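Novice: First the structure, then my questions, so here it is.
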Amino acid sequence: MATTDACLQETPQLPTPLLVTGGAGFIGSHFVEHMLLMHPALRIVVLDKLTYAGRKENLADVEAEPSLAKRLRFVHGDIADRALVGELLKKEHIAAVVNFAAETHVDRSLHEAIDFLNTDVVGVYQLLVAARQHNVSRFVQVSTDEVYGSVESGASKESDPMEPRSPYSASKAAADLMALAFFTSYGMHVSITRGSNTYGPRQFPEKLIPLFITNALEDRPLPLYGDGKNVRDWLHVRDHCRGIEAVLMRGEAGSIYNIGGDCGKTNLEVTEAILNIIGKPTALIRFVQDRPGHDRRYALDTSRARRLGFQPQTNFELGLRQTVLWYRDNVDWWKSVIHQDKDFRAYYERQYGNRLRNGVEALAESGHGE
Ligand code: NAD
Ligand code: TYD
């Protein structure tokens, strides 16, 4: 494509080393792997607090490959710790920052949102301050389509107003505004990516796709909120990484870029596709009490990111099949969390206990009770 080639010809040198915060989480760990593979001269420092959602072992594939491992350094720490971040930026001569670090699950934010404020808002502020003090040349803030709120029809453009409706999306919207303020007030080279719902290997089994895959593999019920007709735009994790890479390399200062998969599907469609791939009956589906304030639909206009050369490449059915295979082949990665982690068990009970018990007779009739 002419536009893509033109963009690639204009590609500037990738700043190195890169600080990837939240790089032991789902998307961050794929981004680290993708960038080290694609850019042989790049060095990456990962800073991660290793919350319940972050694991060093998410970087195991990189660490097992000497040509990649030698260009990666892992640091355990909090983005809200300004002194630590400042020290790291200075010592490692960090040229650019890509911030994935966040509390990310809407349902958890509905129970209690203080961690979301501490990381997604205060943490981002501290990171911006440190990056400015140390003259970092580029700062990419990884944000979400959820900041636009529910979109009944059409597709959100970057110029649309933010109307976040959950504590999670409100905290991400606050960070977007703070990042833009650092561009306006101090001329910092800040860009924002707003990605859509992402799926793929290594996603913590609390989000729709990994939760339903792991439940289905163990013949446990799949708790679908409301009528199951809420729509999300699904983006493969590798495509999400390619979009962020395009913005890091060619994004304009002070600009926002939507990164979506152009793949709107109802939750029911996604659920049936998962069951179909695993070969389990639809009787596992349980319609349960809806999420409060549940956004009905997200959809993104991605033309601005496409002008940077971004284009989603992964077919949803294929990507979902590969994701299912990954969870089937990596049971140790998720079984210990689901069955042994006390915090996860407590979260699951609080989130789904009553929802599932309220329909326990229907479940028993279907022959798929826990
Ligand atoms: P995740 O929950 O899998 O990982 C988050 C990572 O951040 C974890 O490794 C965690 O340990 C780390 N972290 C949390 N608080 C930290 C802190 N204070 N300091 C340092 N590290 C900290 O998240 P994800 O799904 O990979 O999402 C990454 C980013 O992408 C987030 O900013 C999220 O808002 C955004 N996003 C996610 C999706 C999605 O569908 N998953 C879609 C669009 C945007
Ligand atoms: P989720 O993966 O939590 O992402 P987000 O809320 O950030 O979009 O949820 C995706 C969709 O799936 C959303 O419409 C809520 C729905 N959902 C269920 O129906 N049941 C569940 O158990 C979960 C976790 C999500």
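The values are calculated or read from the model by the stated rules, or taken from the named source; none is laboratory data. Note that this is a predicted model, so its numbers are computed, not measured. Don't worry about glycine lacking a Cβ; one is built from the backbone with ideal geometry, like all the others, and counts go over all protein chains shown. Heavy atoms of the whole protein, side chains included, go into the accessibility calculation; ligands, DNA and RNA do not. Shrake-Rupley method; radii C 1.70, N 1.55, O 1.52, S 1.80 Å.
Novice: Name the long-range amide H neighbours of Arg73: under 5 Å, sequence gap of 5 or more, or other chain; modelled H, no Pro or chain starts.
Specialist: Ile44, Val45, Val46
Novice: Give the lysines whose C-alpha is closer than 21 Å to that of Lys280, dropping any in the same chain fewer than 8 places away, or say none.
Specialist: Lys207, Lys229, Lys265, Lys335
Novice: Give me the net charge of Thr104's neighbourhood, meaning all other residues with Cβ under 11 Å from the Cβ of Thr104; Lys, Arg count +1, Asp, Glu -1. Kindly include the intermediate steps, with their values, before the conclusion.
Specialist: Details: positive: Arg108, Lys172, Lys207; negative: Glu103, Asp107, Asp115, Asp120, Glu146, Glu206.
Spelling it out: positives minus negatives among the neighbours equals -3.
Novice: If Lys and Arg each add +1 and Asp and Glu each add -1, what is the summed charge of the other residues whose beta carbon sits under 13 Å from the beta carbon of Ala64? The partial results should precede the final answer.
Specialist: Values: positive: Lys56, Lys70; negative: Glu33, Glu57, Asp61, Glu63, Glu65.
Charge balance near Ala64 sits at -3.
Novice: How much accessible area per residue does the chain have, in Å², with a 1.4 Å probe?
Specialist: On the way: 15630 Å² over 370 residues.
That works out to 42 Å² for each residue.
Novice: Put a dot 7 Å past each Cα toward the Cβ at Asn315 and Asp329; how far apart are the dots in nm?
Specialist: So the two model labels end up 1.9 nm from each other.
Novice: Right, next: Based on the mean of other beta carbon atoms within 10 Å per residue, what is the order of 267-276, 252-261, most packed first?
Specialist: Values: 267-276: 18.7, 252-261: 22.1.
With the highest mean Cβ count within 10 Å placed first, the list reads 252-261, 267-276.
Novice: Whole angstrom only: what separates the Cα centroid of the stretch 112-167 from the Cα centroid of the stretch 205-258?
Specialist: 16
Novice: Next question. Angle between the Cα long axis of helix 316-329 and the longest principal axis of the chain, 0 to 90 degrees, nearest 10?
Specialist: Taking the Cα atoms of the chain, the angle to 316-329 is about 80 degrees.
Novice: To make sure I understand the rule: partners must be lysines, Cα under 20 Å from the Cα of Lys91, and not fewer than 8 residues away in the same chain. Which ones qualify?
Specialist: Lys49, Lys70
Novice: Separation between the Ala83 and Glu65 pseudo-spin-labels, each 7 Å from Cα along Cα→Cβ, expressed in nm?
Specialist: 3.8
Novice: How big is the charge dipole of the chain about its Cα centre, in debye rounded to the nearest 20, if each Lys and Arg gets +1 on its Cβ and each Asp and Glu gets -1 on its Cβ? Intermediate results must be reported in sequence, preceding the final value.
Specialist: On the way: 42 positive and 47 negative charges, 117 e Å.
Charge dipole, the chain, about its Cα centre: 560 debye, nearest 20.
Novice: Separate question: In the stretch 217-240, which residues have a backbone nitrogen under 19 Å from the label point lying 7 Å from Leu37's Cα in the Cα-to-Cβ direction?
Specialist: 235-240
Novice: Specify the angular offset, from 0 to 90 degrees and rounded to the nearest 10, of the alpha carbon long axis of helix 267-278 from the longest principal axis of the alpha carbons in the chain.
Specialist: 80
Novice: Which whole-number percentage describes the relative contact order of the chain, with Cα contacts under 8 Å and a sequence gap of 6 or more? Spell out each step's value before the answer.
Specialist: Numbers: 683 pairs, mean separation 63.8, N = 370.
Dividing the mean separation by the residue count of the chain yields 17 percent.
Novice: Working with all protein chains in place, sort Tyr199, Tyr225 by solvent-accessible area computed with a 1.4 Å probe, largest first.
Specialist: Working: Tyr199 0, Tyr225 25 Å².
Per-residue accessible area, sorted high to low, gives Tyr225, Tyr199.
Novice: Kindly provide the helix-only [θ] at 222 nm of the chain, computed as the sum of -39,500 (n - 2.57) over DSSP H runs of four or more divided by all residues, to the nearest 500 deg cm²/dmol? Don't skip to the answer; put the middle values down first.
Specialist: On the way: 17 runs with 158 residues, N = 370.
Roughly -12000 deg cm²/dmol at 222 nm, from the helical runs in the chain.
Novice: OK, next. Run through the stretch 104-204 and list the GluC sites (Glu not before Pro) located in a DSSP loop whose Cβ has at most 11 other Cβ atoms within 10 Å. All intermediate terms of the calculation are to be shown ahead of the outcome.
Specialist: Values: sites: Glu112, Glu146, Glu152, Glu158; in loops: Glu112, Glu152, Glu158.
Passing both the DSSP loop test and the Cβ count: Glu112, Glu152.
Novice: Let a ≥ b ≥ c be the square roots of the eigenvalues of the Cα gyration tensor of the stretch 96-182; is it rounded (a/c under 1.5), or, if not, prolate (a/b larger than b/c) or oblate?
Specialist: On the way: a/c = 2.57, a/b = 1.37, b/c = 1.88.
Oblate shape, in that a/c is at least 1.5 and b/c is the bigger or equal ratio.
Novice: Measure nothing fancy, just the Cα-based angle from helix 331-340's long axis to the longest principal axis of the chain, in degrees from 0 to 90, nearest 10.
Specialist: With both axes taken from Cα atoms, the answer is about 70 degrees.
Novice: Specify the longest stretch of the chain that does not include any exposed loop site, a site being one of the trypsin sites (Lys or Arg not before Pro) with a non-H, G, I, E, B DSSP assignment and at most 15 other Cβ atoms within 10 Å. Don't skip to the end; give the middle numbers.
Specialist: Details: sites that count: Lys70, Lys157, Lys229, Arg296.
Between the exposed loop sites, the longest stretch runs 71-156.
Novice: Shape verdict for the stretch 14-143, please, from the Cα gyration tensor: rounded (a/c under 1.5), prolate (a/b greater than b/c) or oblate.
Specialist: Working: a/c = 2.04, a/b = 1.25, b/c = 1.63.
Oblate, because a/c is 1.5 or more while a/b does not exceed b/c.
Novice: Karplus couplings for the stretch 197-211 from phi (6.51 cos²θ - 1.76 cosθ + 1.60, θ = phi - 60°), rounded to Hz, Gly and Pro as x?
Specialist: 4, 10, 9, x, x, 6, 7, 4, x, 10, 7, 3, 5, x, 5
Novice: Right, another one. Taking 7 Å along the Cα-to-C-beta vector as the label spot, tell me the Glu163-Phe287 distance in nanometres, rounded to one decimal.
Specialist: Each label point lies 7 Å from its Cα, and together they span 2.6 nm.
Novice: For Val231, list long-range residues whose amide hydrogen, built 1.01 Å from N in the peptide plane, is under 5 Å from its own amide hydrogen.
Specialist: Result for Val231 returns Arg297, Tyr298.
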